[in-house]
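Inspection log for the structure reproduced underneath, given as structure tokens.
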Amino acid sequence: LRAFIHQHRTKCPKKYSQIGNQISQAHIIHNHLRDKSFLLLVDDLWEDLDLDEVGIPSLDAAQPHRRKVVFTTRSMYVCSKMGCCCPEDTIQMKCLSKQDAWNLFTQKVGSKIFDDEEIHELAEEVSTT
């Protein structure tokens, strides 16, 4: 959402020069999304998020637009506060094994991490934490 607001401020600096508070930002987001279908991905929520407060239009199925919000969290409490109380609304993920995490990390980073022992040790620690 912040990236979206920044992009709009950059394109039209005069129009958005006075915008700084959360209510104004929510208004920009709402105006942009109100007549659109969208999928919003929110990663790593630590507390419940009031979608209306940040400008996300209604997700009501009766709307003519297709709208979904998908979020990740480590907290079942956050899930329940966000209205995901039913098992069919949640997908519980388990952590990768240390070996699988290391394999994924090396696959994405490449073999350069093996060139320096200090970097290799740090990379191993980071990938399995």
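Only residues that are closer than 10 Å to SER37 by Cα and touching an Asp or Glu at 6+ places or on another chain (Cβ under 8 Å) were counted in the stretch 63-78, giving 1. Taking the criterion of being among the hydrophobic types (A, V, I, L, M, F, W, C), under 28 Å from CYS95 (Cα atoms) and outside any loop (DSSP other than H, G, I, E, B), the residues of the stretch 29-51 that qualify are LEU39, LEU40, LEU41, VAL42, LEU45.
Taking THR106, is it in contact with a helix residue (DSSP H, G or I) (Cβ under 6 Å, 6 or more places away or on another chain) and surrounded by 14 or more Cβ atoms within 10 Å (Cβ to Cβ)? I'd like the intermediate steps shown before the answer.
On the way: in contact with a helix residue (DSSP H, G or I) (Cβ under 6 Å, 6 or more places away or on another chain): no; surrounded by 14 or more Cβ atoms within 10 Å (Cβ to Cβ): yes.
No, not satisfied.
Mind listing whichever residues of the stretch 38-77 are under 16 Å from the mean Cα position of the chain (by Cα) and of a type in the set (Ser, Thr, Tyr)? Matches in the stretch 38-77: THR72, THR73, SER75.
Screening the candidates LEU122, LEU33 for the property of being surrounded by 11 or more Cβ atoms within 10 Å (Cβ to Cβ), in contact with a Pro (Cβ under 7 Å, 6 or more places away or on another chain) and of a type outside the set (S, T, N, Q) yields one hit, LEU33.
Please verify whether the stretch 66-77 includes one or more residues that are farther than 22 Å from TRP46 by Cβ and assigned by TED's automatic domain parsing to the domain that holds ASP52. Explain how you work it out, then say what you get.
We begin by selecting, within the stretch 66-77, every residue farther than 22 Å from TRP46 by Cβ; these are 66-67.
Next cut, assigned by TED's automatic domain parsing to the domain that holds ASP52 only: 66-67.
Yes, some residue in the stretch 66-77 is farther than 22 Å from TRP46 by Cβ and assigned by TED's automatic domain parsing to the domain that holds ASP52.
Taken together, VAL70, VAL54, VAL78 contain a single residue that is assigned to a helix (DSSP H, G or I), in contact (Cβ under 8 Å) with a residue 24 or more places away in the chain and either within 30 Å of HIS27 (Cβ to Cβ) or charged (D, E, K, R) (or both), which is VAL78.
The values are calculated or read from the model by the stated rules, or taken from the named source; none is laboratory data. Small disclaimer: the values here were computed from a predicted structure and weren't measured. Quick reminder, even Gly has a Cβ in these numbers, built from the backbone with ideal geometry, and neighbours come from all protein chains shown.
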